[in-house]
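Structure first, then comments.
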Amino acid sequence: MNYLQAFIIAVIEGLTEFLPISSTGHMMIGTAIMGIEATAFVKLFTVAIQLGAILSVVVLYFKRFFRSINFYLKLVVAFIPAVIFGLLLSDYIDAALENVFGVAVALFVGGLVLLFVDNWIKNNDLDAEEDITYPKALKIGLFQCIAMFPGISRSGATIIGGMTQKLTRKNAAEFSFFLAVPTMFAATAKKLLDFYKDGIELSGHEVNLLIFGNIVAFIVAMLAIKFFIGFLNKHGFKLFGWYRIIVGAVLILLYILHIPLSVI
């Protein structure tokens, strides 16, 4: 992987991490189109740079993020299901990071869900952080586990999970952002630990790529968050649903025709 490829992947991550279209799925598609082999480092890179994007949440919501111990406890409760399922399904998740067709199907099916979710879940009026109880936090955390398969979208699953608990789209989206912080810290730490357990050492070039990718993802994500909150409040999920359906359908067609993404 070179710096241009790292830049493109990091931009994809920053743009898509907080949109309900699956950042991991899009990074997999991006690496496939650029013909980047799914090596151990590339898998580490696509996980680790999500941390840079997530840190933008801490900066943008600094005052709210450090406001109360009760807030942290709710995040811990919501985070617990991801810890349990992440450890249990670690090998399966790692294998899924090479399955672009699986991502295509997940994008398509998820798009269908987004087309109708605004009609399925209505009259949500819980707009305050205090409205998120511990049971609600746990249920949102369970929704996050659905997104462990690439292509589902962590933000999409948790926002919809919040909406099923009667949170407004804005409140559900912001809690999804906050929940991403411990989740991605843990995912990055585990990936690094696995990397070194396998006896692989990062070269100086690889370390520089990780630092570079995190910085780019951080900057792009700052802009994406501001856009997404405003757009979601005004327009809901339908545009994202159509986008997912189109991308998923194109990828499925390419797979059926045996056309590799690297020739696009």
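Picking from LYS234, LYS226, LYS238, which residue would you name as being at pLDDT 85 or above and farther than 13 Å from ALA10 by Cα?
Working: LYS234 fails: at pLDDT 85 or above; LYS226 fails: at pLDDT 85 or above.
The unique qualifying residue is LYS238.
Of the residues ALA104, ALA186, which single one is small (Gly, Ala, Ser), surrounded by fewer than 21 Cβ atoms within 10 Å (Cβ to Cβ) and in a helix (DSSP H, G or I)? Lay out the reasoning, then the answer.
Details: ALA104 fails: surrounded by fewer than 21 Cβ atoms within 10 Å (Cβ to Cβ).
After ruling out the rest, the residue left standing is ALA186.
Condition test on ILE49, is it among the aliphatic types (A, V, I, L, M) and surrounded by fewer than 19 Cβ atoms within 10 Å (Cβ to Cβ)? Please lay out each step first, then the result.
On the way: among the aliphatic types (A, V, I, L, M): yes; surrounded by fewer than 19 Cβ atoms within 10 Å (Cβ to Cβ): no.
So ILE49 fails the test.
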message: Quick check on my filter: what residues within the stretch 60-82 are crowded, with 16+ Cβ neighbours inside 10 Å and of a type in the set (Val, Ile, Thr)?
response: VAL77
- prompt: Within the stretch 234-264, which residues are on the phi < 0 side of the Ramachandran plot, out of contact with any Gly (no Cβ under 9 Å at 6 or more places or on another chain) and not in a helix (DSSP H, G or I)?
  reply: LEU257, ILE259, ILE264
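Condition test on ASP118, is it closer than 25 Å to GLY248 by Cα and among the acidic types (Asp, Glu)? Steps first, answer last, please.
Details: closer than 25 Å to GLY248 by Cα: yes; among the acidic types (Asp, Glu): yes.
Criteria met by ASP118.
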- request: Would you check if there is a residue in the stretch 137-145 being closer than 26 Å to VAL11 by Cβ and modelled with pLDDT of 90 or more?
  value: yes
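The rows are residues; the columns are (1) polar (S, T, N, Q); (2) farther than 19 Å from TYR72 by Cα; (3) buried (at least 17 other Cβ atoms within 10 Å of the Cβ); (4) in contact with a Phe, Trp or Tyr (Cβ under 6 Å, 6 or more places away or on another chain).
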| residue | (1), (2), (3), (4) |
| --- | --- |
| ILE146 | no, yes, yes, no |
| ARG154 | no, yes, yes, no |
| ILE159 | no, no, yes, no |
| LYS191 | no, yes, yes, no |
| LEU202 | no, yes, no, no |
| ALA217 | no, yes, yes, no |
| ALA224 | no, yes, yes, yes |
| TRP242 | no, yes, no, no |
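Restricting attention to helices (runs of 4 or more DSSP H) lying wholly within the stretch 1-91, give those where 3 or more residues are more than 25 Å from ALA224 (Cα to Cα).
Numbers: elements: 3-16, 23-33, 40-60, 62-65, 69-88.
The helices (runs of 4 or more DSSP H) meeting that bar are 69-88.
The values are calculated or read from the model by the stated rules, or taken from the named source; none is laboratory data. Every value quoted in this text rests on a predicted model; they were computed, and no experiment measured them. In this analysis, Cβ positions are derived from the backbone assuming ideal geometry, glycine residues included, and neighbour counts consider all displayed protein chains.
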